Amino acid sequence: MSEVKFVIPKGSLEEATFRLLDKAWTKVRRKSRTYRVYLDDPKIMVKMLRPQEIPTLVSEGLYDVGITGKDWVGETIADVEPLLDLEYGKIRLVIAIPDHYRYKNLDAMIADYAKKKKTLRISSEYLTTASKFIKESKSYQKYFGKKDPVIVTPWLRLGKNEKVQIHLSFGATEAKPPEDVDAVMDVTETGTTLKQNKLKIVDTVLESSAHL
């Protein structure tokens, strides 16, 4: 039998993933500051990588199986088959805006900015998901039709509609409003960090957990 290549997430899902591995195998070893994990089955090779990368790596055939968040499977549009909801790492992907804004949701915000001919800027790590969610808004369709929002990253700029922009975030997304952007699409477990940064949740985009 050939070696099975198994990729697991580093970061927020890491600790719970190792608890799962400890239950499934009698011996799980890893050295500090390395990305290799050793099980008591020599036919399984395990490596830790960022969860954002895992769906694409499995889709490309570089690994046979992986664990990552359902949110990243959707974001990467990777051709993979979810086998099992592992029921940990539960989060919500939400839209949040400064708590003194009076908009009840993103749809209302899009409509108001469009009427005033203002540029709406949103920060997120989830560019694909953000673009899809925005384009499904009734107000977006009313004012901008099928135009793609502009996606802004340090290395490229995509899309036609400059009036609605999605700016790539490399983390600390909740720190961006109101000076840099008007709203964020970010993950949360309890909403506490958003509240501490004077943001309020106005939409839930999706719910996610770790999947095999």
_Loop-located trypsin sites (Lys or Arg not before Pro) in the range 156-212, at most 14 other Cβ atoms within 10 Å (DSSP)_ = LYS160, LYS198
*Given 0.36 nm per residue, what is the gain on full extension from THR204 to THR34 after removing their alpha carbon distance, in nm?*
57.6 nm
*Cross-link partners of LYS116 among lysines (Cα-Cα below 26 Å; sequence separation of 8 or more within a chain)*: LYS104, LYS132, LYS135, LYS138, LYS142, LYS146, LYS147, LYS160, LYS163, LYS176, LYS198, LYS200
*On alpha-carbon atoms, Rg over Rh for the range 105-187 using Kirkwood Rh?*
0.93
*Would you mind calculating the relative contact order of the chain from Cα pairs under 8 angstrom and at least 6 residues apart, reporting the percent as a whole number?*
26
_Alpha-carbon centroids, the range 48-107 and the range 108-159: separation in whole Å_ = 20
*Mind ordering 125-131, 139-145 by average Cβ neighbours within 10 Å, highest first?*
125-131, 139-145
*Counting other Cβ atoms within 10 Å, keep those with at most 13, restrict to DSSP loop, and tell me which trypsin sites (Lys or Arg not before Pro) in the range 1-62 are left.*
LYS27, LYS31, ARG33, LYS43
*the range 61-186: relative contact order as a whole-number percent, Cα under 8 Å and 6+ apart*: 31
*Based on DSSP H runs of at least 4 residues, each adding -39500 (n - 2.57), what is the mean residue ellipticity at 222 nm of the chain after dividing by all its residues, to the nearest 500 deg cm²/dmol?*
-7000 deg cm²/dmol
_Zone of ARG50's modelled label, taken as backbone nitrogen in the range 19-38 under 19 Å from a point 7 Å along Cα→Cβ_ = 33-36
*When the Kirkwood hydrodynamic radius is evaluated over all pairs of different C-alpha atoms of the chain, what value in angstrom, to one decimal, is obtained?*
18.8
*Put a dot 7 Å past each Cα toward the Cβ at ALA175 and LEU212; how far apart are the dots in nm?*
3.8
*Tell me, what ³J(HN,Hα) does each residue in the range 177-185 have, in order and in whole Hz, if you take phi through Karplus 6.51 cos²θ - 1.76 cosθ + 1.60 with θ = phi - 60° and put x for Gly and Pro?*
x, x, 5, 9, 9, 9, 7, 10, 10
_Cβ-defined net charge surrounding HIS167, 12 Å radius [Lys, Arg +1; Asp, Glu -1]_ = 0
*Using R₀ = 45 Å, calculate the FRET efficiency as 1/(1 + (r/R₀)^6) where r is the Cβ-Cβ separation of ASP112 and TRP25; round to 0.05.*
0.25
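Since every read-out is calculated from the coordinates, none of them should be taken as a lab result. Note that the structure is predicted; figures quoted are calculated from it, not measured. Ideal geometry is used to build each Cβ from the backbone, glycine not excepted, and the neighbour counts take in all protein chains shown.
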